[in-house]
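Please find one structure pasted underneath; my questions will follow.
Every number here is computed from the coordinates shown, using simple stated rules; none is lab data. Being a predicted model, the structure only gives us computed values, none of them experimental. Cβ sites come from the backbone with ideal geometry, for glycine too, and all protein chains shown count toward neighbours.
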Amino acid sequence: MLRIGYVRLSDADQDADQDDGVSLLREMGCHVVRAEEDADVPTVLASILEFIGEGDELVAPNLQHLGGSARGVLELIDRLDQRGAVLITLGPPLTSAGPEGQALRAALEGVAALEPPEPLRRRTRAPTSEIRALQKAGMGPVEIARRLGVSRMTVWRTLKATQA
């Protein structure tokens, strides 16, 4: 059984608190402790979820380190269940195993039901300066749209507005 510690480093002003979290995880017997620096893109947590195996434990200081919402934590618990692993948090002491895990799941499902739905992604628009620079470099509207990940209509409208 492998015990993996995970802490999210969210703010440079909280370095002392984060160091305490890392040392606390080591004191709790974690064989490996990984820290996530970019909270928006949890790549370290994703790699842990790919690596973790049957009987292993993911240990975090609290649920806030694992996701920005109850839905996110539920998805994490589901992925751990699929891998045969368990989640443990230190403050408050929680686990995803056994009857306590069922109670945790029920509480998170209740909170998730009250959360607003996740916002729809907005379309991104390329800055006018990028579109004009690519056009001046000899690129056509279709290729500009492909490169910038926007619609052709966005490029055509931008070019038309800048020519007027």
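Toward the positive end of the charge dipole of the chain, about the Cα centre and with charges on Cβ (Lys, Arg +1; Asp, Glu -1), which of Val44, Trp156, Ile4 goes farthest?
Positive-end residue among those listed: Trp156.
Nearest 20 debye, what's the magnitude of the dipole of the chain about its Cα centre given +1 on Lys and Arg Cβ and -1 on Asp and Glu Cβ?
The dipole magnitude comes to about 1680 debye.
May I pose another question? Work out, step by step, the length gained on full extension between Asp20 and Arg132: first 0.36 nm times the residue separation, then minus their alpha carbon distance; give nm to one decimal.
This chain segment gains 35.3 nm when fully extended.
A further question on this structure: Run lengths n ≥ 4 of DSSP H only: what is the helix-derived mean residue ellipticity at 222 nm for the chain, with -39500 (n - 2.57) per run over all residues, to the nearest 500? Provide the component values of the computation, followed by the final result.
Details: 7 runs with 82 residues, N = 164.
Estimated from H runs of four or more residues: -15500 deg cm²/dmol.
Assuming 0.36 nm per residue, please report the length gained on full extension of the stretch Ser151 to Leu114 beyond their Cα-Cα distance.
Answer, rounded to one decimal: 9.8 nm.
Would you mind calculating the gained length between Asp81 and Ser47 on full extension (0.36 nm times residue separation, minus the Cα-Cα distance), in nm to one decimal?
Extending this stretch completely gives an extra 10.6 nm.
If contacts are Cα pairs under 8 angstrom and at least 6 residues apart, what is the relative contact order of the chain in percent?
Across the chain, relative contact order equals 16 percent.
Then there is this: Near Ile144, within a Cβ-to-Cβ distance under 10 Å, what is the net charge of the other residues, with Lys and Arg +1 and Asp and Glu -1?
Charge balance in the 10 Å sphere: +2.
OK, next. Could you please report the charge total around Arg105, scoring K, R as +1 and D, E as -1 over all other residues with beta-carbon less than 13 angstrom from its beta-carbon?
With Lys, Arg at +1 and Asp, Glu at -1, the neighbours total -4.
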